[in-house]
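The values are calculated or read from the model by the stated rules, or taken from the named source; none is laboratory data. Just so it is clear, the model here is predicted, and its values are computed rather than measured. Neighbour counts run over all protein chains shown; Cβ positions are idealised from the backbone, glycine included.
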Amino acid sequence: MAVAGVIAMICSIQPAYAKRVPPQDMTPYVVRADDSLFTLADRYMQSPADWRLLRDINHVANPRHLQVNARLSIPTSRLRQTLLTAKVVAVRGSVEKLDTAGAPPLPVSAGTLLMEGDEISTGRDAFVSMTLPDGSHVVLPSSSRIHIGRLRTTLLTGAVDRQFDLKQGEVTTDVTPFKNPRDSFRVITPSVVAGVRGTRFRVNYLSAQDATTVEVLAGKIGVDGAGPDGAANSTSAPQPVPGGAQTLVLAGYGNLTRTGNAAGAPVRLLDPPEIADPGKLQNAPEVAFDLMPVASAGAYRTEIATDADFLDLLRDQRTTGLHAAFDNIPDGNYFVRVSATDTHSIDGLPQVFTFSRHLDTTNAAATPIDGNGYTFRWHVDGEAKGARYRFILSDHADLSAPYIDLLDVAGGEMTVANLPPGKYYWTVVVDTFENGRLLSIPSEIRSFTQTR
């Protein structure tokens with residue numbers, strides 16, 4: 001009776017145990033002329049000896065002779081894969097490729113090829129953008145670190161497997177829609193596993209909070225919570241939290257997930273802020289933007305890039321106030337992207353504006369002369385050939401209703417006499433042609449008081 005009881009207990013345990021073993025993923029294959037298990041193993045599998053595995057799984061009697069159009073099952077895990085490369089397309093500041101074996105880091109420049117196993121780090125005010133073979137883009141802003149966990153394609157199916165392990169900071173991705181149902185693209189942090197099928201989204205690992213924010217700008221992604229309970233060991237990527245249901249995050253939504261917890265519930269992203277006078281010429285020593293407040297915002301983010309897709313980032317600044325200022329921005333035409341951040345550190349929807357930067361290099365002075373007048377002199381450092389000047393003098397601070405408004409003033413000097421008493425405001429506008437269009441750069445508005 002005791003032996004029978006043990007046998008009965010074992011039999012009752014076996015079915016439950018079998019349910020916990022996931023079935024092996026198989027790739028179907030239709031036999032073509034001249035195929036054999038030997039040629040299939042040699043061409044598509046990791047080892048020529050895998051023909052035996054194919055024989056056993058498919059119950060093939062003669063491995064040299066297969067029926068044309070017959071269907072075989074091939075273990076996906078044994079299919080041969082080839083490594084792909086990502087190409088760096090833009091770099092700003094200090095960007096390094098780290099050596100996990102402890103060798104000194106190597107600088108990364110535009111044109112550098114990266115592959116599976118590489119780890120990239122960006123310094124302060126540094127940025128790097130890379131493009132993948134299918135046209136997808138990955139952008140790493142300042143103070144971030146990412147490890148390329150998987151970047152390969154399966155020879156038989158053409159499926160592409162891409163995995164990026166975000167160790168620090170943030171990553172923005174623009175993923176080309178999948179053409180193969182077996183394609184995969186994942187971003188993994190200590191808190192989440194985010195899988196996508198063609199979308200634009202951001203992932204930010206907040207190390208101080210041990211949490212991850214995800215913001216979806218286009219498409220949708222599935223987010224699983226991850227953490228210590230889901231990690232196999234210190235060298236493996238975090239796995240989904242056992243028992244946690246995947247959270248679907250749609251475009252216009254984001255979520256916050258703390259390490260070890262199930263994925264957070266989606267919340268609507270904040271609307272983007274407006275910029276006061278976004279089209280003004282940025283000619284002051286600092287490039288500055290004044291933002292309009294957004295309800296429920298705890299902070300604001302302002303980014304500057306040379307391209308509309310923000311692959312070539314110049315600056316990225318977070319402020320609790322509504323004023324963002326940047327120094328050392330060269331002359332040129334740029335894009336500025338602004339967003340509001342909620343109180344959970346989730347960045348909102350972005351809005352992009354164009355602006356022009358031309359630093360005012362006018363040196364000007366007004367010297368009093370006899371006869372209640374002034375001589376106005378100016379010099380423009382590095383002025384363009386053929387530059388013309390416009391002189392404006394007004395008794396209004398905004399230069400409205402000007403007392404004098406002269407176009408095409410020759411040279412760098414003019415005299416005005418017989419001014420009645422009062423406070424006056426004046427400026428010199430430098431007109432140059434750039435790329436076939438007129439560019440007017442006003443200098444600082446100066447003032448003086450005529451007392452006699």
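Just wondering, is there one or more residues in region 304-316 that are in contact with a Leu (Cβ under 6 Å, 6 or more places away or on another chain), closer than 17 Å to SER142 by Cβ and not assigned by TED's automatic domain parsing to the domain that holds LEU439? Looking through region 304-316, at least one residue is in contact with a Leu (Cβ under 6 Å, 6 or more places away or on another chain), closer than 17 Å to SER142 by Cβ and not assigned by TED's automatic domain parsing to the domain that holds LEU439.
Of the residues making up region 326-351, those that are surrounded by 15 or more Cβ atoms within 10 Å (Cβ to Cβ) and assigned to a strand (DSSP E or B) are PHE326, TYR334, PHE335, VAL336, ARG337, VAL338, SER339, ALA340, THR341, ASP342, ASP347, GLN351. Tell me whether region 403-420 contains one or more residues that are modelled with pLDDT under 95, under 20 Å from ILE275 (Cβ atoms) and out of contact with any Lys or Arg (no Cβ under 8 Å at 6 or more places or on another chain). Scanning region 403-420 turns up no residue that is modelled with pLDDT under 95, under 20 Å from ILE275 (Cβ atoms) and out of contact with any Lys or Arg (no Cβ under 8 Å at 6 or more places or on another chain).
Identify, from the list ASP370, ASP408, ASP431, the residue that is free of Cβ contacts under 8 Å to residues at least 60 places away in the same chain, touching a strand residue (DSSP E or B) at 6+ places or on another chain (Cβ under 7 Å) and farther than 28 Å from GLU286 by Cβ.
On the way: ASP370 fails: touching a strand residue (DSSP E or B) at 6+ places or on another chain (Cβ under 7 Å); ASP431 fails: farther than 28 Å from GLU286 by Cβ.
ASP408 is the lone residue from the list that is free of Cβ contacts under 8 Å to residues at least 60 places away in the same chain, touching a strand residue (DSSP E or B) at 6+ places or on another chain (Cβ under 7 Å) and farther than 28 Å from GLU286 by Cβ.
On inspection, THR189 does not qualify as touching a Lys or Arg at 6+ places or on another chain (Cβ under 6 Å) and of a type in the set (Ser, Thr, Tyr).
Got at least one residue in region 357-367 being among the acidic types (Asp, Glu), out of contact with any Lys or Arg (no Cβ under 6 Å at 6 or more places or on another chain) and at pLDDT 95 or above? Within region 357-367, none of the residues are among the acidic types (Asp, Glu), out of contact with any Lys or Arg (no Cβ under 6 Å at 6 or more places or on another chain) and at pLDDT 95 or above.
Go through the residues of region 292-305 one by one and say whether even a single one is within 19 Å of VAL128 (Cβ to Cβ), of a type outside the set (S, T, N, Q) and surrounded by fewer than 15 Cβ atoms within 10 Å (Cβ to Cβ). Write out each step before concluding.
Residues of region 292-305 that are within 19 Å of VAL128 (Cβ to Cβ), as a first pass: 301, 303-305.
Remaining after also requiring of a type outside the set (S, T, N, Q): 301, 303-305.
Checking the rest, the ones that are also surrounded by fewer than 15 Cβ atoms within 10 Å (Cβ to Cβ) come to none.
Checking region 292-305: not a single residue is within 19 Å of VAL128 (Cβ to Cβ), of a type outside the set (S, T, N, Q) and surrounded by fewer than 15 Cβ atoms within 10 Å (Cβ to Cβ).
Within region 381-392, is there a residue that is among the acidic types (Asp, Glu) and either free of Cβ contacts under 8 Å to residues at least 12 places away in the same chain or not assigned by TED's automatic domain parsing to the domain that holds LYS423 (or both)? Reasoning before the result, please.
Pass one, region 381-392, residues among the acidic types (Asp, Glu): 381, 383.
Now drop any that are not either free of Cβ contacts under 8 Å to residues at least 12 places away in the same chain or not assigned by TED's automatic domain parsing to the domain that holds LYS423 (or both), which leaves none.
Checking region 381-392: not a single residue is among the acidic types (Asp, Glu) and either free of Cβ contacts under 8 Å to residues at least 12 places away in the same chain or not assigned by TED's automatic domain parsing to the domain that holds LYS423 (or both).
Pull up region 411-428, narrow it to residues that are among the aliphatic types (A, V, I, L, M) and in contact (Cβ under 8 Å) with a residue 40 or more places away in the chain, then point me to the one that is surrounded by the most Cβ atoms within 10 Å (Cβ to Cβ). Among those residues, the one meeting the criterion is VAL428. Counting only residues that are of a type in the set (Val, Ile, Thr) and touching an Asp or Glu at 6+ places or on another chain (Cβ under 7 Å), region 276-303 holds 1 of them. Among the numbered conditions (1) assigned to a loop (DSSP other than H, G, I, E, B); (2) in contact with a Pro (Cβ under 7 Å, 6 or more places away or on another chain); (3) of a type in the set (A, V, I, L, M, F, W, C); (4) under 17 Å from ASP431 (Cβ atoms), the only one that LEU399 does not meet is (2).
So for region 167-178 (the condition being more than 15 Å from the chain's Cα centre (by Cα) and modelled with pLDDT under 95), does at least one residue qualify? First the steps, then the outcome.
Of all residues in region 167-178, those more than 15 Å from the chain's Cα centre (by Cα) come to 167, 177-178.
Next cut, modelled with pLDDT under 95 only: 177-178.
Scanning region 167-178, I find at least one residue that is more than 15 Å from the chain's Cα centre (by Cα) and modelled with pLDDT under 95, so the answer is yes.
State yes or no: is ASP183 surrounded by 18 or more Cβ atoms within 10 Å (Cβ to Cβ) and in contact with a His (Cβ under 8 Å, 6 or more places away or on another chain)? First the steps, then the outcome.
Details: surrounded by 18 or more Cβ atoms within 10 Å (Cβ to Cβ): yes; in contact with a His (Cβ under 8 Å, 6 or more places away or on another chain): no.
It is false that ASP183 is surrounded by 18 or more Cβ atoms within 10 Å (Cβ to Cβ) and in contact with a His (Cβ under 8 Å, 6 or more places away or on another chain).
If the condition is being part of a loop (DSSP other than H, G, I, E, B) and either under 18 Å from PRO63 (Cβ atoms) or small (Gly, Ala, Ser) (or both), then region 23-37 contributes VAL31, ARG32, ALA33, ASP34, ASP35, SER36. Name the strands (runs of 3 or more DSSP E) wholly inside region 182-255 in which the number of residues that are modelled with pLDDT of 90 or more, of a type outside the set (Lys, Arg) and over 16 Å from LEU166 (Cβ atoms) is 1 or more. Answer list for region 182-255: 184-188, 211-218, 220-225, 247-250.
Residue by residue, here is whether (1) farther than 15 Å from PRO141 by Cα; (2) among the basic types (Lys, Arg); (3) touching a residue at least 40 places away in the same chain (Cβ under 8 Å) holds:
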site: ASN58; (1), (2), (3): yes, no, no
site: ASN69; (1), (2), (3): yes, no, no
site: LEU72; (1), (2), (3): yes, no, yes
site: LEU83; (1), (2), (3): yes, no, yes
site: ASP99; (1), (2), (3): yes, no, no
site: GLY102; (1), (2), (3): yes, no, no
site: VAL108; (1), (2), (3): no, no, no
site: LEU114; (1), (2), (3): yes, no, no
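Evaluating HIS379 against the criteria (1) in a strand (DSSP E or B); (2) touching a Phe, Trp or Tyr at 6+ places or on another chain (Cβ under 9 Å); (3) not polar (S, T, N, Q) leaves one unmet condition, (2). Restricting to region 105-118, name every residue that is touching an Asp or Glu at 6+ places or on another chain (Cβ under 8 Å) and either closer than 25 Å to GLN317 by Cβ or assigned to a strand (DSSP E or B) (or both). Once the filter is applied, which keeps residues that are touching an Asp or Glu at 6+ places or on another chain (Cβ under 8 Å) and either closer than 25 Å to GLN317 by Cβ or assigned to a strand (DSSP E or B) (or both), region 105-118 yields LEU106, PRO107, VAL108. Candidates SER77, SER12: the one that is modelled with pLDDT under 95, under 30 Å from ASP134 (Cβ atoms) and assigned to a helix (DSSP H, G or I) is SER77.
Return yes when ALA295 is closer than 30 Å to THR362 by Cβ and either modelled with pLDDT of 95 or more or within 19 Å of the chain's Cα centre (by Cα) (or both) and no when it is not. So ALA295 fails the test.
Any chance region 433-447 includes a residue that's of a type in the set (A, V, I, L, M, F, W, C) and not in a strand (DSSP E or B)?
Filtering region 433-447 for residues of a type in the set (A, V, I, L, M, F, W, C) gives 433, 438-439, 441, 445.
If we keep only those that are not in a strand (DSSP E or B) as well, we get 445.
Checked against the condition, which is being of a type in the set (A, V, I, L, M, F, W, C) and not in a strand (DSSP E or B), region 433-447 yields at least one hit.
For region 138-147, a tally of residues being buried (at least 20 other Cβ atoms within 10 Å of the Cβ) and either under 8 Å from the mean Cα position of the chain (by Cα) or polar (S, T, N, Q) (or both) returns 6.
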